[in-house]
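After the structure tokens below, expect a handful of questions from me.
The values are calculated or read from the model by the stated rules, or taken from the named source; none is laboratory data. None of these values were measured; they are calculated from a predicted model. FYI the Cβ positions are ideal-geometry reconstructions off the backbone, even for glycines, and counts take in every protein chain you see. With ligands, DNA and RNA removed, areas are computed over all heavy atoms of the protein, side chains included. Shrake-Rupley method; radii C 1.70, N 1.55, O 1.52, S 1.80 Å.
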Amino acid sequence: MKSIETSISKKLSELGVADAEGLAPLFAEVRACFDAELAVASDEGSWKLFRDAWLGRKAGVLALITDNWLKPASPELKRVVGAALNELRGHVEAKIEERRVAIELGAESSAAARDAVDLSLPGVVRPIGSRHLVRQVFQEIEDIFVSIGFSVVEGPEIETPYYNFEALNIPEHHPVRDDMDTFYLELPKGAASPLLLRTHTSPVQIRTMEKMQPPVRVIVPGKVYRRDNPDATHSFAFHQIEGLAVDTDITFCDFTGTIEYFVRQFFGASVKTRFRPSYFPFTEPSVEFDVSCPFCGGSGTAASGGVCGKCKGAGWIELFGAGMVDPAVYGFVNYDAKKVSGFAFGIGIDRLAMLKYGIDDIQVFFQNDVRFLRQFP
Amino acid sequence: MKVVYDWLKEFVDVPVSAEELASRLALTGTNIGGVENGPHGAVIDAEVTSNRPDCLGHLGIAREVSAIYKTALKKLPSTTGKLEPAVGGDALQKVRVDIQAPELCGRFTARVIRGVKIQPSPQWLKERLEACGVASINNVVDVSNYVMLELGHPLHSFDYDKIRDQRIVVRRASAQEKTRTLDGVERVLDAGTAVVCDGDGSRVVGIGGIMGGADTEISFATKNVLIECAWFDPIAIRRAARALRLHTEASTRFGRGADPEMAGAASRRSAELILQVAGGELQNGAVDEYPGKQAARKIRVTRTEFLRVMGADVSDKELEATLGALGFAPVRIDDHRGAAGSLLAAWECAQPSWRADVEREIDLIEEIARIHGLDKFPPRLPAARAGAVRLPHFEAEARLRERLIGLGYREILTIPHVAEERDELFRPSGVAPARLANPLSEEAGVLRSTGTVSMAASLEWNLNHSQRNARLFEIGRQYRLVGEESVETRVLSIGATGEAREQGLYDGARDFTFADLKGDLDAIGMLAGGFRWEAKASDGGNHAEPEWLNPAKRGHIFLGKEDLGVAGQLSRRVADKLKLRQEVFLAELALGPFYCAYYGTKNARRYEPLPRFPAVERDFSLLLPEGVHFSAVAEAIRALAIREIAAVEAGDLFRGRNVPAGKYSLLARVKFQSHEGTLTDAQIGEFSAKIVAALTTQLGAQLRASV
């Protein structure tokens, strides 16, 4: 500013300027000086000093120019000085504002660099719970069947032999009873009926049909019990979902279609299905239902090249038993077997969950170790 | 049932390899355990379902092959003419048979061969038995087993000379009657068991259809042989085998239902083979007592019914070929016999004696469908006929579960079988548990009468596996007996131990306390209109004072008048018994009333307009005598019936230091709110004065300060 200090402290007349021609170099010099010194305003403090030096009301450069050049000028020169001064002021004000914004931004980014959060650190951890895996699978399966018109019902776990066996066409001494080793309750002497822990969710088929007339479309989630010694694949309590559809027009094709729909929803569209004839007293025809192994794609060979551990090389995994409701069952619930037909199935949930999530020990479901529970949030 | 591929081929031409056959069998109803290629060629492990005893012999499997591949069954060549007549002949002079229990024994045939030479079996016979996993004993006994494996019909051979009076009596055993079977074990019989006796019928020489007796066993000294080939009632056999805990190849076959007609053929086949491998001379003819003979049942199958059940068709030709090959001899009987594929087509079939399982039209439909291939029926989705409905408590349970998870609880599932002594720790007095009559072990001898017993066990598991912090819940059932009736009740169990907040970057650790449990439960209670806590159970309620909870830190939870359950800290006594070395908190609530209240509250909930004027809070720092509870303070304030009082809360609690003994310091925070205007200092001052006066006079409170 030194370079212009002298000129701005003198009147134009003192500087020998009497017309616009002589005025231009003077303003050019002031402007050049401003532009050259602008960089001095590098932080908030120096910016304020710089701003005051130029725009200060009393001693700022522009105030001096007003006082010394403009005010004493002759009326005709005043107009020209005024115009030049306004232009200069516009330039100075714009540049100083520009500078302020730049300084503030700079300050922000340096503060940001200093105060930035470490994103690799955890946030505040709030405890959050989880649904049991078996419950998750239950829910998933329920949702699939509800979406195709099946209602959900429940029944007691402590049953009579009538509902668990007889009404399902399994009379006493039927060989199938040998395969379903059963827990019985200790009852007071003279009790009217023995009580047992249901060996399947099928008794609820009977309880449902006793209560309602076709059309019936229900699924029954629940716990079931078989008197097997526990090991990695056996638990004396486990979970099933029973399904039952009875109507005037249900055929085997509806049955396979329903099962296929379920499996594709649950395992994915690429899974293939297979129905093998089997035998259950309460269905006829009875089937065992297989899916192509979802782990090796049905090839029987694991990705590593060895035999697939999930299907043991068979390419198929046996999922559950099912079939068309045996007409004899309708006799127990007063349905007309000549007019209605239907299908039933029983899906083992624990096994399905083990398959889908690669669990090799059924006992982990019931130990409830929080390290297990945490894995399925 | 082990099926020897080469043996099978003696009955039917098999157009494919053993492996291919096995996979076809698997898809037509014979489950396959595997195929082994051993010294006896391919052996297929057929896991025959219990309804198909006919497939417990090579002939039965051959019949399946014949139906699958539509190749005819072969006839076995007969080698001797002495088998005729089928009934009568010299045999009648050699043995008499008297069936005194025809309801247990429907047929009994006997043949006699004299002058046999008992010796080890020839190689071919040994090998066949070995391939099927049956031990070789001697030539005559081996023939019995061979014929059983071939034709599926069990036989028994007696040492003829040891049969007294050349007389066989089949009768019901008397209760507690004893006999020694040929495995050397003395068996105690009951009245439901058929026994084969000799002489006057007093000596048991075999348990009918299950195992022969030791007294008349074939030995190397045996010269003359009596071949028994009989038929026993399946239900009686199963019952007897279970009672005796004696399950044999014979009892399996008779128990599932052997073919009564086969008895004659099997006897002939057996005689033939004995002559071949043991020599001797066959007495002409046979004794054949057959009180249970039945005429073949006629069964109809129609195309309309087939379509009604299966939803897709099978051609006339295939249907007839399949039923024909399986022995059902189908005959078209409708009026449209010329028209192939007629929708009105009907066939009459004859039930073969070996297929007791096929009695109805549906059974025939299954036969046709399974041989046709179940995968050939085109899948389709049935139309939904009504809206699908969730369980009535679905929504309430989902909200409850969601809230518990939000509060940090993990859901568990447990097995309700627990040890009686464990159950007792938590069981309210007067409750009868559901005990198992046949538990697997004492540790699982009773069904839990409370959810907490399982919850405590789950916490115990975690503590024993170094998982010190756990917050768990279970939505399950408790099981009890009332008289001879079982009662299953839905309950929520909650368990927590360890830290409520773990040491982290921003906060220090804090142990779980009773207040955490209460707060969490109240958060649940909000779903159902809010819980009320009481120190004591309601009179006559089903939750007596729970001795398993620390009396200083427990409470009863009510919803309206309903006593839902209890919550608190596990007592030291029970914790020590379970070896739990840190504080454990448990709660159990009945869910039925909770779910009801959930829906009631939800439906009754209405919008409350938001206040337009600011609320004002005043804190009252009180010195209260011990024993005067916060509820009394809140009650006294509310009793003033000042409309502008919107809430009374406990702000701070303090004992000791400047607080004299026998007193405690409580900060009561009162919120004033008017819907008419902004409250003035004068109004608040007036309210406060009333509050202070009420607390001082009614509760003996001293005001430390009010702000």
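Looking only at the range B:149-159, count how many residues are part of a helix (DSSP H, G or I) and open to solvent by 10 Å² or more (accessible area, probe 1.4 Å).
1
Follow-up question, since we're still on this one. For residues that are in contact with a Ser or Thr (Cβ under 8 Å, 6 or more places away or on another chain) and not β-branched (Val, Ile, Thr), scanning just the range A:216-230, find the one that is surrounded by the fewest Cβ atoms within 10 Å (Cβ to Cβ).
A:Asp228
Within the range A:43-77, take every residue that is at pLDDT below 85 and more than 19 Å from A:Ser9 (Cβ to Cβ) and give me the one that is least open to solvent (accessible area, probe 1.4 Å).
Across the range A:43-77, the extreme among qualifying residues is A:Ser74.
Residues of the range B:306-328 being open to solvent by 30 Å² or more (accessible area, probe 1.4 Å) and either touching an Asp or Glu at 6+ places or on another chain (Cβ under 9 Å) or of a type outside the set (A, V, I, L, M, F, W, C) (or both), which ones?
B:Leu307, B:Arg308, B:Asp313, B:Ser315, B:Lys317, B:Glu318, B:Glu320, B:Gly324
With B:Arg435, B:Arg360, B:Arg370 as the choices, which residue is open to solvent by 40 Å² or more (accessible area, probe 1.4 Å), within 8 Å of chain A (Cβ to nearest Cβ) and closer than 30 Å to B:Ile333 by Cα?
Only one candidate passes the filter, namely B:Arg360.
Yes/no matrix, rows are residues, columns are (1) farther than 16 Å from B:Glu617 by Cα; (2) among the acidic types (Asp, Glu); (3) surrounded by 12 or more Cβ atoms within 10 Å (Cβ to Cβ):
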residue: B:Arg657; (1), (2), (3): yes, no, no
residue: B:Ala661; (1), (2), (3): yes, no, no
residue: B:Ser665; (1), (2), (3): yes, no, yes
residue: B:Arg669; (1), (2), (3): no, no, yes
residue: B:Gly677; (1), (2), (3): no, no, no
residue: B:Thr680; (1), (2), (3): no, no, no
residue: B:Gln683; (1), (2), (3): no, no, yes
residue: B:Lys690; (1), (2), (3): no, no, yes
residue: B:Ala694; (1), (2), (3): yes, no, yes
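Follow-up question, since we're still on this one. Tally the residues that are open to solvent by 10 Å² or more (accessible area, probe 1.4 Å) and either more than 8 Å from chain B (Cβ to nearest Cβ) or assigned to a helix (DSSP H, G or I) (or both), restricting the search to the range A:274-294.
Residues in the range A:274-294 being open to solvent by 10 Å² or more (accessible area, probe 1.4 Å) and either more than 8 Å from chain B (Cβ to nearest Cβ) or assigned to a helix (DSSP H, G or I) (or both): 3 in total.
Please determine whether any residue of the range A:201-215 is part of a loop (DSSP other than H, G, I, E, B), open to solvent by less than 20 Å² (accessible area, probe 1.4 Å) and more than 14 Å from A:Gly346 (Cβ to Cβ).
no
List, please: which pairs have Cβ atoms under 6 Å, are six or more places apart or on different chains, and start with a residue in the range B:167-185 that is in the same structural domain as B:Arg111 (by TED's automatic domain parsing) and end with one that is exposed (fewer than 12 other Cβ atoms within 10 Å of the Cβ) and not charged (D, E, K, R)?
Qualifying pairs under 6 Å: B:Arg172/B:Ala191; B:Ala175/B:Ala191.
Which count do you get for residues in the range A:164-181 that are under 16 Å from A:Pro327 (Cα atoms) and open to solvent by 30 Å² or more (accessible area, probe 1.4 Å)?
Of the residues in that region, 3 qualify.
If you go through the range A:170-179 one residue at a time, do you hit one that is of a type outside the set (A, V, I, L, M) and in contact (Cβ under 8 Å) with a residue 60 or more places away in the chain?
yes
Check the range B:422-432 and report whether any residue there is open to solvent by 30 Å² or more (accessible area, probe 1.4 Å), of a type outside the set (S, T, N, Q), within 11 Å of another protein chain (Cβ to nearest Cβ) and at positive phi.
Within the range B:422-432 (the criterion being open to solvent by 30 Å² or more (accessible area, probe 1.4 Å), of a type outside the set (S, T, N, Q), within 11 Å of another protein chain (Cβ to nearest Cβ) and at positive phi), the answer is no, since none of the residues qualifies.
Okay, next question. Return yes when A:Arg114 is touching a strand residue (DSSP E or B) at 6+ places or on another chain (Cβ under 7 Å) and more than 19 Å from A:Glu37 (Cα to Cα) and no when it is not.
The answer is no for A:Arg114.
Now a separate question. If you go through the range B:445-465 one residue at a time, how many are facing chain A (nearest Cβ under 8 Å) and open to solvent by 10 Å² or more (accessible area, probe 1.4 Å)?
Within the range B:445-465, residues that are facing chain A (nearest Cβ under 8 Å) and open to solvent by 10 Å² or more (accessible area, probe 1.4 Å) number 2.
Just to be sure I understand the filter: pairs with C-beta atoms under 6 Å, separated by 6 or more residues or on different chains, first member in the range B:499-514 and facing another protein chain (nearest Cβ under 10 Å) and touching a residue at least 12 places away in the same chain (Cβ under 8 Å), second member in a loop (DSSP other than H, G, I, E, B) and surrounded by 13 or more Cβ atoms within 10 Å (Cβ to Cβ). Which pairs pass?
From residues that are facing another protein chain (nearest Cβ under 10 Å) and touching a residue at least 12 places away in the same chain (Cβ under 8 Å), the pairs are B:Glu499/B:Asn469; B:Ala500/B:Phe512.
Collect the residues in the range A:312-334 that are in contact with a Phe, Trp or Tyr (Cβ under 7 Å, 6 or more places away or on another chain) and of a type in the set (A, V, I, L, M, F, W, C), keeping them in residue-number order.
A:Leu319, A:Phe320, A:Ala322, A:Met324, A:Val325, A:Val329
Out of all the residues in the range B:291-305, which are at pLDDT below 95 and open to solvent by less than 50 Å² (accessible area, probe 1.4 Å)?
Selection gives B:Gly292 alone.
I would also like to ask the following. If you check B:Val204, B:Val277, B:Val225, which single one turns out to be in contact (Cβ under 8 Å) with a residue 24 or more places away in the chain and surrounded by fewer than 23 Cβ atoms within 10 Å (Cβ to Cβ)?
Criteria check complete, one pass: B:Val277.
Keeping to the range A:231-248, report how many residues are more than 8 Å from every other protein chain (Cβ to nearest Cβ), surrounded by fewer than 23 Cβ atoms within 10 Å (Cβ to Cβ) and farther than 15 Å from B:Leu413 by Cβ.
5
What residue, among those in the range A:250-271 that are buried (at least 17 other Cβ atoms within 10 Å of the Cβ), assigned to a loop (DSSP other than H, G, I, E, B) and of a type in the set (A, V, I, L, M, F, W, C), is nearest to the other protein chains (Cβ to nearest Cβ)?
Here the residue is A:Ile250.
So A:Glu21 passes all but one of these: (1) touching a helix residue (DSSP H, G or I) at 6+ places or on another chain (Cβ under 9 Å); (2) loosely packed, with under 12 Cβ neighbours inside 10 Å; (3) part of a helix (DSSP H, G or I). Which condition number does it fail?
(1)
Six or more apart or on different chains, Cβ atoms under 8 Å: show the pairs whose first residue is in the range A:25-47 and assigned by TED's automatic domain parsing to the domain that holds A:Ile103 and hydroxyl-bearing (Ser, Thr, Tyr) and whose second is buried (at least 17 other Cβ atoms within 10 Å of the Cβ) and modelled with pLDDT of 85 or more.
Between residues of the range A:25-47 that are assigned by TED's automatic domain parsing to the domain that holds A:Ile103 and hydroxyl-bearing (Ser, Thr, Tyr) and residues that are buried (at least 17 other Cβ atoms within 10 Å of the Cβ) and modelled with pLDDT of 85 or more, the close pairs are A:Ser42/A:Ile103.
Any idea which of (1) farther than 26 Å from B:Ala135 by Cα; (2) open to solvent by 60 Å² or more (accessible area, probe 1.4 Å); (3) more than 14 Å from chain A (Cβ to nearest Cβ) is the one B:Arg239 doesn't satisfy?
(3)
Determine which member of the set B:Arg187, B:Arg171, B:Arg180 is farther than 23 Å from B:Ala278 by Cβ, open to solvent by 50 Å² or more (accessible area, probe 1.4 Å) and not in a loop (DSSP other than H, G, I, E, B).
Checking each option against the conditions leaves just B:Arg180.
Which of (1) modelled with pLDDT of 95 or more; (2) assigned to a loop (DSSP other than H, G, I, E, B) does B:Thr322 not meet, given it meets every other one?
Answer for B:Thr322: the failing condition is (2).
Right, another one. Since B:Arg468 meets every condition but one in (1) more than 7 Å from chain A (Cβ to nearest Cβ); (2) open to solvent by less than 30 Å² (accessible area, probe 1.4 Å); (3) closer than 22 Å to B:Ile405 by Cβ, which condition does it not meet?
(2)
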